[in-house]
1. Exactly one condition in (1) free of Cβ contacts under 8 Å to residues at least 12 places away in the same chain; (2) surrounded by fewer than 17 Cβ atoms within 10 Å (Cβ to Cβ) is false for residue 189; which is it?
2. Is it true that some residue in region 249-264 is assigned to a loop (DSSP other than H, G, I, E, B) and buried (at least 16 other Cβ atoms within 10 Å of the Cβ)?
3. Of all residues in region 397-423, which are free of Cβ contacts under 8 Å to residues at least 12 places away in the same chain and either closer than 19 Å to residue 454 by Cβ or in a helix (DSSP H, G or I) (or both)?
4. On the basis of being touching a helix residue (DSSP H, G or I) at 6+ places or on another chain (Cβ under 7 Å), part of a helix (DSSP H, G or I) and free of Cβ contacts under 8 Å to residues at least 12 places away in the same chain, does residue 441 make the cut?
5. Going residue by residue through region 340-351, is there one that turns out to be over 30 Å from the mean Cα position of the chain (by Cα), in a helix (DSSP H, G or I) and surrounded by fewer than 17 Cβ atoms within 10 Å (Cβ to Cβ)?
6. Hey, residue 315 hits all of (1) in a loop (DSSP other than H, G, I, E, B); (2) touching a residue at least 24 places away in the same chain (Cβ under 8 Å) but one; which does it fall short on?
7. Looking only at region 193-247, how many residues end up being at positive phi and either in contact with a helix residue (DSSP H, G or I) (Cβ under 6 Å, 6 or more places away or on another chain) or surrounded by 23 or more Cβ atoms within 10 Å (Cβ to Cβ) (or both)?
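Computed from the coordinates by the stated procedures, all read-outs in this text should not be read as laboratory data. The model shown is predicted, which means the values in this text are computed figures rather than measured ones. For neighbour counting, all protein chains shown are included, and Cβ atoms are generated from backbone atoms with ideal geometry for every residue, glycine included.
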């Protein structure tokens, strides 16, 4: 028996009124099922538990309410209690597919996905509507990272219900993971032969062509998606991205503008519009949209990076520093911000701040070679030789045969009078790549003028 939305609302209102007044009202078992299902979907587990408890008091033989009780036990990881209920129900109703589904859910939550799949395959033979079960099997294969079998089951799901777009998205996810872009296009083309006005499928075709850098074909696919649904915001956004790739910035702006008219402005659309205006040389409009972007979504790092880079390119480092400081204030653990903070301060000759920025970037896991080298050069400039040696020694753990690191360590050790260590690093550096010996002349003129160093450089024809 299907309940209308209005009937559901009446049942929910009566149920919540009963809880407030402690009156005992009668509901039929299907009403309790709908109430419990509503609360589970809303994530209100305590209320769902209450509905199931009261429902079983009034309808103790209801199989569906007992299934809900088992489902709630599974949600709370109380697997033994759930298993006991499901075993009883299986004895009473050996052909109830929901029992198999919930038992599979237990196995899935215990990471026994193959056992879950085995039960779900049995459930398929017992159901008249296998689409959801194929989808569940597909998810289990995703947990196993078996993307081929996951894809096959999501395809079976879509064969049963061609309106199940979540299955379609999962199929494309599998194709993407397997980097089978051409195969994805072929599959979507067959699907579109049967569903020619499916905007989601056209949208996905366009994204596949975009990944293949076939931009004209991508553009055509997004146009078909828009013909199928002229309010499909995702298609306008993707079309805008393609037009940008083709250098057609004014047309891209038109598509992004449409998205602002169809729904509330998104930070992504505002960012892309800023980029387009930037490319067109419309500086005021570019900065206006970048500022709107970070206002709309202060946590979008691409927005802050865009506005910072805008001023960096124009050599307005004070403005760039102002914006990257604002970004860091919002998210102090973003390594991209700290790298820019360090580089801008470096350009402004604020060496201590630059060193702190590079150090923070390293602490956050940015182990790029240039980060280690820039930090060491600043430490050398600040007269912090020991800190520079420590920094470069740590860098060698990631880049054990790097000449730029070795030449710096040679120079530092010679400069502090440790000729043995200096000689060791200099020989390693020369054997690795002698061309970087210019580092000694630029950073360590004292070391470069030492007789031993001059002779070693001559030996390697430097």
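1. (1)
2. no
3. If the condition is that a residue be free of Cβ contacts under 8 Å to residues at least 12 places away in the same chain and either closer than 19 Å to residue 454 by Cβ or in a helix (DSSP H, G or I) (or both), then 397, 417, 418, 420 are the ones that fit.
4. Here the answer is yes, as residue 441 does meet what is asked.
5. yes
6. (2)
7. 0
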